[in-house]
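Quick notes on the structure that follows.
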Amino acid sequence: MLKKLISMFKPSEAPKKKPAQAKSNPKPSGSGTKPKVQPTRIGELGEHKINIQLDQLPKGCKYLSDLLVSNPKSRTGYSQIDHVVVTPQGLFVIETKNYTGEIKGTRENKSWTVSNRFKMYNPFMQNYGHIQAIKSFLPDYQSSRYISLVSFTMRCRFSVDSELRKIQSDELIVYDVELSEYIQRKINRIQAEKNDLVLLDSDIQKIYQALNDANISDPRMRAEHVEKAESMGKGNRE
């Protein structure tokens, strides 16, 4: 009992402090800059943004993405096409680019420049080859309307022919965020022309199926195409 009374008057010991834990806030290695996104990942993100745009198209339109079709006229033996949109008013063949800087060139220039630093093959000439490859699988639709669209990210600014931004042209250069808007405007423009060559639902389905059947999905053949293109020093896919 006496011990208990004595213990009641002893000063209580302060609780032991736990050692401070280091906060998890790792610094990036190197110069402290953000790690660069790999080109393949940039491409995937760009394609995803385009797919979101294409999902906004009117009912009745169909689209295919990342087509690889045989093309004897291509140096690799194939053509790789980013997107094809099939609408009652025609086919929109889309080539996407992920450059940054000033895009400079004309319809006639074989090469365009990016910020005057390096060259790229004229994307409309490139896309012309894509359209011809597509038409080879659509013998019943040679006279249909084919619109060539080249899409760049908002990291670019255009110094190109002004006609390439006018909706009456069948060759259009656009930013990825305005792609669905330009397609809808072009559809409206063609409708205003009262062109009799309108694709029916059955035509759209037939075209979609023909291109889907022509698409090469074999990973080995796709890798072969990429390897050939890189060995030729091409900055652009055929």
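Extending each Cα 7 Å along its Cβ direction at L200 and K110, get the distance between those two points in nm, one decimal.
Each label point lies 7 Å from its Cα, and together they span 4.6 nm.
Using the Karplus curve 6.51 cos²θ - 1.76 cosθ + 1.60 with θ = phi - 60°, work out ³J(HN,Hα) for each residue of segment 192-200 in order, rounded to whole Hz, and write x for Gly and Pro.
Taking θ as phi minus 60°, the curve returns 5, 6, 6, 6, 6, 7, 9, 7, 7 Hz for segment 192-200.
Over all directions, the average projected area of the alpha-carbon convex hull for segment 139-217 comes to how many nm²? If you can, show how the numbers build up before the last one.
Details: hull surface 28.2 nm².
Approximately 7.1 nm², given one-decimal rounding.
At 0.692 mPa s and 37 °C, plugging the Kirkwood radius over alpha-carbon pairs of segment 43-162 into Stokes-Einstein gives what diffusion coefficient in µm²/s? If you can, show how the numbers build up before the last one.
Details: Rh = 15.4 Å.
In µm²/s, the coefficient rounds to 213.
Which residues among segment 97-113 fall inside the zone where the amide N is under 18 Å from a point 7 Å beyond the Cα of E163, along Cα→Cβ?
The answer is 104-112.
Contact order normalised by length for segment 98-238, with contacts defined as Cα pairs under 8 Å and 6 or more residues apart; what percent is it?
Values: 144 pairs, mean separation 31.2, N = 141.
Worked out over segment 98-238, it gives 22 percent.
Please compute the length gained on full extension between D66 and K228, using 0.36 nm multiplied by the number of residues separating them and subtracting their Cα-Cα distance.
That works out to 56.6 nm of additional length.
Whose amide H sits under 5 Å from the amide H of I147, counting only residues 5 or more places off or on another chain, with H placed in the peptide plane?
L91, F92, V93
With a 1.4 Å probe and all protein chains in place, put R189, R222 in order of accessible area, largest first. Intermediate results must be reported in sequence, preceding the final value.
Details: R189 100, R222 50 Å².
Largest to smallest exposure gives the sequence R189, R222.
Among DSSP beta bridges lying fully in segment 41-200, give the percent that are antiparallel, nearest 5.
55 percent
Mind jotting down the three principal axis lengths of segment 88-234 based on Cα atoms? Whole angstrom, largest first.
For segment 88-234, the Cα extents along the three principal axes come out at 47, 41, 26 Å.
For a quick check of understanding: with a 1.4 angstrom probe and all protein chains in place, what accessible area in square angstrom does Y208 have, to the nearest ten?
Here the residue's solvent-accessible area equals roughly 60 Å².
The values are calculated or read from the model by the stated rules, or taken from the named source; none is laboratory data. Since this is a predicted model, take the numbers as computed values, not measurements. Every residue, glycine as well, gets a Cβ built from its backbone with ideal geometry; the counts of neighbours run over all protein chains shown. The protein model used for the area step is the full one, side chains on, heavy atoms only, and it has no ligands, DNA or RNA in it. Shrake-Rupley method; radii C 1.70, N 1.55, O 1.52, S 1.80 Å.
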